[in-house]
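Participant: Below you'll find the structure I mean.
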Amino acid sequence: MTLDGIWAVLTGSAYLKALGCAVAANLTGDQREPLLIHGLPGVADGTALTTDRRLFDEGVEALGQRLRFASYGEPAFDAILELGAGWDAPSCVRRIAVRPKGLALEYVAYVAATKDTEGGALRLVTDLGGLAGLDLDESTTVSEADAEAFLARLQAMADAEFRLTTHVANVEADNQQSGRAQAALALGTVVGFIAGRQKLGSADTNFWKELDACRRLVAERTAQGGVFTVHRVPSSYDQVATAFVPFDVRRKISDDSFWVDAASAPLLNAALDAVARVADGIKRKKAELTTDLAMSRIVAEMKRVLS
């Protein structure tokens, strides 16, 4: 339902006109004249409604606080809605409703029998725009079976309209999963990076010296615009492998590990900082902390992050 649709119904309602409601004349001096309420139970005569946000914000001097915005929660507008609450729909109209997938709310529409050249047809009315040109066939009764034929169509419309809304409940869990994946990837990337150097025999046995060497390598390579391909990311990363991370992480089938294609400076520097924090928590003098011991603690921390 749009503000334009609400305004069209309010100003086009024959019932409100019969009560004495009418669009004002010469209160604003332009085409934004509000609707003046008269004869509406529970609403003081002279109350004015508008769906023009700018007019409502600017106000109308002659109306003062009597100018109200026609939207849900505004008593004058709600009073109009309550007028029809006790009215029975004609037999040529039947209300139907479905629940959008994953949401505890009703998605309502009406099945109406309308006149046409063939004598009658059923139409699904889902919004105010659907009322335009609607010519009801009051000689026809819309049965429950008639209405049920439109439920599948209405369900598809409801699910499509609220598709993004239903994902909101999963956003927090998805964000947490991605956060865990990023934290685990940072730790796992350094494990793979240092393991590769150990395999080549170029890694230092002292962890802090090895960490400094890794930082120099990253700085030198990235200063030239280069990146690293990091293999041997531990297989425990599999627990979050489907989560979103802004890096290309692939599974290596041969040894059930993962590898990072084009590991960039932001990832590697953040990863080196992360493992430094882990190493700071190990109760060993820096000169005594071996690379192997630090690696085992980093792998253990990676598993903890994933648990």
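Participant: List pairs: first residue in region 4-23 and within 17 Å of Phe56 (Cα to Cα), second residue among the polar types (S, T, N, Q) and assigned to a helix (DSSP H, G or I) anywhere in the structure, Cβ distance under 6 angstrom, at least six positions apart or on different chains.
Facilitator: Once the first residue is within 17 Å of Phe56 (Cα to Cα) and sits in region 4-23, its partners that are among the polar types (S, T, N, Q) and assigned to a helix (DSSP H, G or I) give Val23/Thr11.
Participant: Sticking with this structure for a sec: What number of residues in region 230-257 are over 30 Å from Val171 (Cα atoms) and surrounded by fewer than 13 Cβ atoms within 10 Å (Cβ to Cβ)?
Facilitator: Count: 3.
Participant: Here is a follow-up. I need a count of the residues in region 1-41 that are among the small types (Gly, Ala, Ser) and under 10 Å from Thr51 (Cβ atoms). Walk me through it before giving the result.
Facilitator: Here is the first cut: in region 1-41, the ones among the small types (Gly, Ala, Ser) are 5, 8, 12-14, 18, 20, 22, 24-25, 29, 39.
Subset that is under 10 Å from Thr51 (Cβ atoms): 5, 8.
So the count comes out to 2.
Participant: Restricting to region 84-116, name every residue that is in contact (Cβ under 8 Å) with a residue 60 or more places away in the chain and crowded, with 16+ Cβ neighbours inside 10 Å.
Facilitator: Of all residues in region 84-116, those in contact (Cβ under 8 Å) with a residue 60 or more places away in the chain come to 98, 100-103.
Within region 84-116, Val98, Pro100 qualify.
Participant: Please enumerate the residues belonging to region 263-302 that are more than 23 Å from Phe247 (Cβ to Cβ) and either assigned to a strand (DSSP E or B) or in contact with a Pro (Cβ under 6 Å, 6 or more places away or on another chain) (or both).
Facilitator: Once the filter is applied, which keeps residues that are more than 23 Å from Phe247 (Cβ to Cβ) and either assigned to a strand (DSSP E or B) or in contact with a Pro (Cβ under 6 Å, 6 or more places away or on another chain) (or both), region 263-302 yields only Thr290.
Participant: Moving on. Under 32 Å from the mean Cα position of the chain (by Cα) and surrounded by 14 or more Cβ atoms within 10 Å (Cβ to Cβ), is that true of Met295?
Facilitator: Numbers: under 32 Å from the mean Cα position of the chain (by Cα): no; surrounded by 14 or more Cβ atoms within 10 Å (Cβ to Cβ): yes.
For Met295, the condition - under 32 Å from the mean Cα position of the chain (by Cα) and surrounded by 14 or more Cβ atoms within 10 Å (Cβ to Cβ) - is not met.
Participant: Sort out for me the helices (runs of 4 or more DSSP H) sitting completely within region 3-100 that have 2 or more residues that are touching a helix residue (DSSP H, G or I) at 6+ places or on another chain (Cβ under 7 Å) and within 24 Å of Thr114 (Cβ to Cβ).
Facilitator: Working: elements: 3-12, 14-19, 53-58, 75-83.
Once the helices (runs of 4 or more DSSP H) in region 3-100 are filtered for at least 2 residues that are touching a helix residue (DSSP H, G or I) at 6+ places or on another chain (Cβ under 7 Å) and within 24 Å of Thr114 (Cβ to Cβ), what remains is 3-12.
Participant: Within region 269-280, is there a residue that is in contact with a helix residue (DSSP H, G or I) (Cβ under 7 Å, 6 or more places away or on another chain) and more than 13 Å from Arg215 (Cα to Cα)?
Facilitator: For region 269-280, residues in contact with a helix residue (DSSP H, G or I) (Cβ under 7 Å, 6 or more places away or on another chain) and more than 13 Å from Arg215 (Cα to Cα): present.
To keep it simple, each residue is scored yes or no on (1) under 27 Å from Ala109 (Cβ atoms); (2) of a type in the set (Phe, Trp, Tyr); (3) touching a strand residue (DSSP E or B) at 6+ places or on another chain (Cβ under 6 Å).
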residue: Trp7; (1), (2), (3): yes, yes, no
residue: Gly39; (1), (2), (3): no, no, no
residue: Asp52; (1), (2), (3): no, no, no
residue: Leu55; (1), (2), (3): no, no, no
residue: Val60; (1), (2), (3): no, no, yes
residue: Arg66; (1), (2), (3): no, no, yes
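Participant: Looking at this structure, is Ala79 surrounded by 16 or more Cβ atoms within 10 Å (Cβ to Cβ) and at pLDDT 90 or above?
Facilitator: Values: surrounded by 16 or more Cβ atoms within 10 Å (Cβ to Cβ): no; at pLDDT 90 or above: yes.
It is false that Ala79 is surrounded by 16 or more Cβ atoms within 10 Å (Cβ to Cβ) and at pLDDT 90 or above.
Participant: When you go through Val260, Val305 one by one, which is the residue that is assigned to a strand (DSSP E or B) and crowded, with 19+ Cβ neighbours inside 10 Å?
Facilitator: Val260
Participant: Do you know which residues across region 117-131 are in contact (Cβ under 8 Å) with a residue 24 or more places away in the chain, more than 16 Å from Asp146 (Cα to Cα) and not in a loop (DSSP other than H, G, I, E, B)?
Facilitator: Residues satisfying the conditions are Leu128, Gly129, Leu131.
Participant: While we're looking at this one, here's another question. Scanning for something more than 16 Å from Phe193 (Cβ to Cβ), in a loop (DSSP other than H, G, I, E, B) and of a type in the set (Val, Ile, Thr), does region 232-243 turn up at least one residue?
Facilitator: Yes.
Participant: To continue, here is another question. Having 1 or more residues that are modelled with pLDDT under 90 and β-branched (Val, Ile, Thr) is the bar; report the helices (runs of 4 or more DSSP H) wholly within region 132-231 that clear it.
Facilitator: On the way: elements: 144-148, 151-161, 163-200, 207-223.
The qualifying helices (runs of 4 or more DSSP H) are 163-200, 207-223.
The values are calculated or read from the model by the stated rules, or taken from the named source; none is laboratory data. What you see is a predicted model, and the numbers here were worked out from it, not measured in a lab. Using ideal geometry, Cβ is built from the backbone for each residue, glycine included, and neighbour counts are taken over all protein chains shown.
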